[in-house]
Each structure stands twice: as structure tokens, then as C-alpha cells.
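Written out below as C-alpha cells is the structure these notes cover.
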Amino acid sequence: MNNKAKMGFWTIVLFGINSIIGSGIFLLPNNAMSIIGPASLGVLLFDMLLVLAMTFCFAEASGLFKDNGGPYIYAKEAFGDFIGYEVGFLTWITRIIAFSTMGVGFATALGGIMPELATPMMKNVIVTVIFALLAVMNLFGVQLFKVIQNLATVAKILPFVLFIGMGIFFIDSANFTPLFPGGEYTPGTFGTAAVMLFFTFTGFESIAVAASEMENPQKNLPRAILVAIVIVASIYFLLLACAIGIMGYELANTTVPVQEAFGRIAGSFGTGIVASGTLISIGALCISSSFVTPYSCLALAEKGMLPAVMTKRNRFNAPYWCILASTIIAMLIAYTGSFTFLASISVVSRFSQYIPTCLSIPVFRKKMPDAPRAFKIPFGPVIPAIAVLTSIWLLAQAKPQQLIMGLGAAVIAVPFYYFVYKNKKEQA
């Protein structure tokens with residue numbers, strides 16, 4: 001592929017930002033405030049460091065490979081075919097569910113603004129139209145995706161920039177006291193808040209999946225991942241600080257915290273900006289998800305884990321069978337579930353990508369000690385170890401039902417591995 005058609009450094013950064021910032025950011029301030037009060041700013045800083053530790057692992061691993069697949073490639077090269085197949089299969093399924101979730105989320109948000117569209121039938125109609133348009137866009141290849149994705153990401157960030165730029169002048173320091181609800185810390189609230197806030201960062205792992213569609217991925221990917229996380233973390237912290245500073249504990253009593261806070265300082269202009277920003281934000285995430293999901297499928301097909309026909313590309317170099325298969329499956333799932341139900345499944349399953357990637361770093365340093373690295377994590381194994389332990393701790397906070405639904409696909413993948421991929425490889 002001509003490099004002009006590939007994603008450059010800043011397109012990768014915008015792709016990363018778009019993959020992370022979604023509908024959750026509009027609900028973050030009130031949930032955090034109700035759980036632990038203004039101390040949620042400290043919890044957010046804690047989560048930033050934890051996510052950064054995981055990001056370091058993804059940055060170092062991504063600098064070693066230029067193939068599609070991201071977490072799947074890292075797991076396969078570090079731990080062998082079986083673990084790689086499990087992670088690859090879960091990655092694709094997770095992305096399909098996330099894609100479905102965003103489609104339903106957009107239809108739900110649109111129904112909230114236009115009540116006449118808030119019916120099950122209209123939800124399915126909206127989902128069908130959205131998925132069909134996204135499939136057509138991706139069938140025209142990376143060039144069209146780059147233009148639409150960059151415009152959508154800038155449009156998504158604009159409401160946050162306006163709110164933060166105006167909000168800092170209306171912050172009242174008195175709204176940050178008491179630090180905890182009721183004036184004292186309640187045991188267990190830190191963990192609950194940390195889990196909730198951590199989930200708003202999910203999506204950063206998507207950046208590495210379509211590595212072959214990027215210019216010089218071994219150099220650009222590590223830097224782009226880190227830059228994207230720093231930008232997102234800064235937006236989150238400033239957004240939460242402004243929302244608390246403007247509304248104080250009243251923030252916990254509203255279902256549209258950013259819209260309410262912006263409305264207090266900018267009237268109908270502020271509420272309108274945030275309402276449209278919600279749709280733009282979810283729509284932009286749909287665009288990002290529609291692009292990366294087929295490449296999770298392509299990565300499996302390129303390694304012989306799915307039928308070879310799935311590797312075929314059209315004249316725009318788009319993997320059209322992977323695009324069609326991923327879109328149709330995601331659409332069918334979207335028809336059956338609500339936004340909340342689908343989100344509860346996809347959230348937990350993401351750790352099937354985080355933990356193996358973090359564990360792969362010491363393995364690669366032993367197996368590939370002399371391989372050139374665009375980025376190397378400092379302090380030896382300390383940061384990967386912190387990332388793994390943190391992931392396990394966060395998983396321990398989840399409910400058993402969430403764990404079963406989120407990681408159940410790992411069990412489903414086992415027979416596929418033994419009866420399809422392994423037999424095919426042994427015959428070869």
C-alpha cells in the first residue's frame with residue numbers, strides 16, 4: 001500500500017483519542033461524585049497512573065511488530081499458539097460487542113433528544129442505517145476513513161475544550177469540601193470508584209490492531225499510544241475538576257452532569273453544545289470501532305485461524321469479507337440487547353488483552369533481547385508487574401455474572417482451536 005494512503009503519526013494519535021473517549025465521559029462526573037465526592041480527582045489520578053503502566057506495556061510491545069492484531073500478536077509470540085488464539089478470538093468478539101454497544105448507544109442518545117425515535121423498532125432502524133453507512137465507508141479503504149475519523153475526533157473534543165476553557169473561570173474552591181460524602185471516608189468506595197473511572201480509559205488497546213495500515217508502525221505506534229493517553233487523561237482530569245468546581249455535591253444528583261454544569265455557565269448554548277457533543281462523541285467512537293473490528297478478524301485469518309477467504313481485499317485494499325462479517329454479526333447482536341447489557345459484557349472481556357500483553361514484556365526481553373525497540377519501559381519488570389497486579393485487582397471488583405459473560409468466549413474458543421486451527425496446522 002502506498003504510504004500516502006496509510007495513517008501518519010497524528011492520525012494514529014487522533015484514532016487513539018477517538019477509540020478511548022466515548023459516551024462514558026459524559027456520565028463520569030456525577031457517578032464519581034456520588035461514590036467518593038471531590039476525592040474522585042485523586043482516584044482519577046490513581047487510575048491515570050495505572051492506565052499509563054498498561055500503556056507502557058502496549059507501547060514497548062507494539063514497537064517490536066508491524067503486523068495486524070495488537071494483543072493477539074503479542075500473546076501468540078510470547079506464549080504460543082493456544083494463548084494467542086484465545087486472546088485473538090476474545091479480542092475480535094470483544095470488539096464486535098463494543099461495536100454493537102456503540103451503535104445501540106448512538107440510537108439511545110438520539111432517542112433521548114428526539115423521543116419519537118425512542119422505540120425498539122426505531123432503535124433497530126437507526127442501528128441498521130449506521131452500520132450500513134460505516135461498512136460502506138470502510139469498504140472504500142483507509143483514505144476515506146482517515147478524513148472522516150480525523151474530522152469526527154476534532155468535533156468530539158471541541159465541546160470538552162469549550163467547557164474546560166470557560167469552566168475554569170467559574171470554579172468555586174468551596175465546592176471541593178468536604179472531601180468525602182458525609183465528611184469522612186467510607187471503606188470500599190475507593191475501589192468502586194477506581195473500577196468505574198478505569199473503564200472510561202478502555203479502548204487504548206485498539207490503536208495497535210491495524211498496525212499494517214500505519215506509516216512506520218514500529219516507530220510511530222509507541223509514541224502515538226503514549227501521546228493519546230496523556231491527552232485523554234488531561235481532558236478527563238480538567239473536565240472533572242471543572243464540573244465539581246461549578247456544581248459541588250449537586251453534581252451527584254444530575255443524570256447529565258457535563259450538560260448541566262455547562263448550562264449553568266453558558267445557558268442554552270452550553271446545553272446544546274454538550275447534547276450535540278454526546279452524539280458526535282458516540283458517533284466518532286462508532287467510526288473507530290467499525291474500522292478496528294474487522295482488522296481483529298483479519299489478524300486471525302492471516303494466521304490461518306479463520307478461513308483464508310477472509311484475507312481477501314478489494315481494490316481499495318480493504319478486507320471486505322472481514323468488514324462484512326464483523327458488521328453483520330455486530331448488527332445482529334445490537335438488535336438483541338440494550339446499551340447497559342452490552343457494555344457490561346464488553347468491559348470485563350478487555351482484560352483478556354491487557355494481562356497477556358503486560359505479561360509478554362519480560363518474555364520478549366528474554367526472547368528478543370537485541371531487537372530494536374522504539375520505546376523501552378524503565379525500571380525493568382516493575383511497571384509490567386504493577387500493571388498485571390492492578391488488572392487482577394480490578395477484575396476482583398467485578399461481579400461473578402460480569403466475569404462469566406465477559407470471559408465466557410474463552411471457553412467457546414477452545415473447541416475451535418483444537419478442531420480447526422490445530423488440526424489444520426498439523427496437516428500443513
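The values are calculated or read from the model by the stated rules, or taken from the named source; none is laboratory data. What you see is a predicted model, and the numbers here were worked out from it, not measured in a lab. Cβ placement follows ideal geometry from the backbone for every residue including glycine, while neighbour counts extend to all protein chains displayed. Remember, those area values only see protein heavy atoms, side chains included, never the ligands or the DNA or RNA. Shrake-Rupley method; radii C 1.70, N 1.55, O 1.52, S 1.80 Å.
A compact table of results
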| read-out | value |
| --- | --- |
| Selection count, the range 395-404, where residues are among the hydrophobic types (A, V, I, L, M, F, W, C), open to solvent by 60 Å² or more (accessible area, probe 1.4 Å) and either closer than 13 Å to Ser352 by Cα or touching a residue at least 40 places away in the same chain (Cβ under 8 Å) (or both) | 1 |
| Residue tally, condition in contact (Cβ under 8 Å) with a residue 40 or more places away in the chain and either over 16 Å from Ile36 (Cα atoms) or open to solvent by 40 Å² or more (accessible area, probe 1.4 Å) (or both), over the range 253-263 | 7 |
| Top-ranked residue in the range 142-165 [being over 10 Å from Asn18 (Cβ atoms) and of a type in the set (Val, Ile, Thr); ranked as modelled with the highest pLDDT] | Ile164 |
| Residues satisfying the stated conditions in the range 151-204, i.e. among the β-branched types (Val, Ile, Thr), over 23 Å from Gln259 (Cα atoms) and over 17 Å from the mean Cα position of the chain (by Cα) | Thr186, Thr189, Thr192 |
| Some residue of the range 110-128 being within 24 Å of the chain's Cα centre (by Cα), modelled with pLDDT under 85, aliphatic (A, V, I, L, M) and closer than 30 Å to Tyr74 by Cβ | no |
| Residues located in the range 323-347, provided they are more than 15 Å from Ala409 (Cβ to Cβ), open to solvent by 20 Å² or more (accessible area, probe 1.4 Å) and either at pLDDT 90 or above or in a helix (DSSP H, G or I) (or both) | Leu324, Ala325, Ile328, Met331, Leu332, Tyr335, Thr336, Phe339, Thr340, Phe341, Ala343 |
| The lone exception for Ser268 - which of (1) under 30 Å from Met114 (Cβ atoms); (2) modelled with pLDDT under 85; (3) crowded, with 23+ Cβ neighbours inside 10 Å it fails | (3) |
| Identity of the residue in the range 362-394, assigned to a helix (DSSP H, G or I) and touching a Gly at 6+ places or on another chain (Cβ under 9 Å), that ends up surrounded by the most Cβ atoms within 10 Å (Cβ to Cβ) | Leu394 |
| Answer residue from the range 54-67, given it is farther than 14 Å from Pro356 by Cα and open to solvent by 10 Å² or more (accessible area, probe 1.4 Å) and is modelled with the lowest pLDDT among those | Asp67 |
| Sole residue being over 19 Å from Ile25 (Cβ atoms), of a type in the set (Gly, Ala, Ser) and touching a residue at least 12 places away in the same chain (Cβ under 8 Å), chosen from Ser268, Ser288, Ser326 | Ser326 |
| Flag if Ala107 is more than 16 Å from Gly283 (Cα to Cα) and either modelled with pLDDT of 80 or more or within 19 Å of the chain's Cα centre (by Cα) (or both) | no |
| Matching entry among Glu250, Glu215 (being open to solvent by 20 Å² or more (accessible area, probe 1.4 Å), farther than 17 Å from Gly42 by Cβ and modelled with pLDDT under 85) | Glu215 |
| Residues within the range 30-51 that are modelled with pLDDT under 85 and surrounded by fewer than 23 Cβ atoms within 10 Å (Cβ to Cβ), tallied | 2 |
| Members of the range 273-322 that are open to solvent by less than 10 Å² (accessible area, probe 1.4 Å), of a type in the set (Gly, Ala, Ser) and under 20 Å from the mean Cα position of the chain (by Cα) | Gly277, Ser281, Ala284, Ser288, Ser290, Ser296, Ala299 |
| The lone exception for Ile231 - which of (1) out of contact with any Phe, Trp or Tyr (no Cβ under 9 Å at 6 or more places or on another chain); (2) at pLDDT below 85; (3) open to solvent by 20 Å² or more (accessible area, probe 1.4 Å) it fails | (2) |
| Some residue of the range 349-357 being open to solvent by 60 Å² or more (accessible area, probe 1.4 Å), at pLDDT below 90 and not in a helix (DSSP H, G or I) | no |
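Here is a yes/no grid of residues against (1) open to solvent by less than 10 Å² (accessible area, probe 1.4 Å); (2) farther than 30 Å from Phe351 by Cβ; (3) part of a helix (DSSP H, G or I); (4) out of contact with any Leu (no Cβ under 6 Å at 6 or more places or on another chain):
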site: Gly84; (1), (2), (3), (4): yes, no, yes, yes
site: Gly88; (1), (2), (3), (4): yes, no, yes, no
site: Ala98; (1), (2), (3), (4): no, no, yes, yes
site: Ala107; (1), (2), (3), (4): yes, no, yes, yes
site: Val125; (1), (2), (3), (4): no, yes, yes, yes
site: Ile148; (1), (2), (3), (4): no, yes, yes, yes
